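The next block holds one structure in the form of structure tokens; read it before the comments.
Values in this text are rule-based calculations from the coordinates and carry no lab data. Because the structure is predicted, anything quoted here is derived from the model rather than measured. Cβ atoms come from the backbone with ideal geometry, glycine included; neighbour counts cover every protein chain shown.
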Amino acid sequence: MTTALSILSRRRPKAAVHQQVVLNILGGSQMRIAVRDLGHETVPVGGRNIPARHCKITGDFERDLWLDARSALARVQFAGKDGSFSVDELK
């Protein structure tokens with residue numbers, strides 16, 4: 001089963017943790033992924049530290065995701081093509 005998924009959506013990030021194939025919402029192509037649960041961490045979000053579950057997506061694209069206590073997406077980190085890192089914190 002393929003799932004259309006925006007990792008920036010607060011409503012469906014938990015679904016990504018159980019997927020092996022997702023739909024690229026920009027081009028419509030299927031992307032193979034693997035998701036590892038890296039355990040619980042405390043991360044900065046919105047100017048405060050919160051407990052969160054860290055998940056790493058690898059495969060056709062790579063992202064680190066942190067889900068809050070409600071399994072809502074709280075933070076995303078990924079590397080750019082130039083080696084820089086981008087971090088998005090959702091409030």
What are the ³J(HN,Hα) values, in whole Hz, obtained from phi via the Karplus relation 6.51 cos²θ - 1.76 cosθ + 1.60 with θ = phi - 60°, for each residue of region 76-81 in sequence order, with x given for Gly and Pro?
9, 9, 8, 8, x, 4
Compare the peptides 30-42, 51-63 by average per-residue count of other Cβ atoms within 10 angstrom and give them in order, highest first.
51-63, 30-42
5 Å is the cut-off here: which amide hydrogens, built 1.01 Å from N in the peptide plane, fall below it relative to I50, excluding neighbours closer than 5 in sequence?
V43, V45
When the charge dipole of region 30-91 is computed with +1 at the Cβ of Lys and Arg and -1 at the Cβ of Asp and Glu, the Cα pointing farthest to the positive end, of S71, G47, S84, is that of S71
Provide the gained length on full extension for the span V21 to L90, in nm with one decimal, where the gain is 0.36 nm per separating residue minus the Cα-Cα distance.
22.4 nm
Normalising by the residue count of region 23-77, find the relative contact order in percent from Cα pairs under 8 Å and 6+ residues apart.
26
3J(HN,Hα) from dihedral phi, region 45-50, Karplus parametrisation 6.51/-1.76/1.60, rounded to Hz, x for glycine, proline
9, x, x, 9, 8, 10
So the FRET efficiency between K81 and H40, C-beta based with R0 = 30 Å and rounded to 0.05, is 0.45
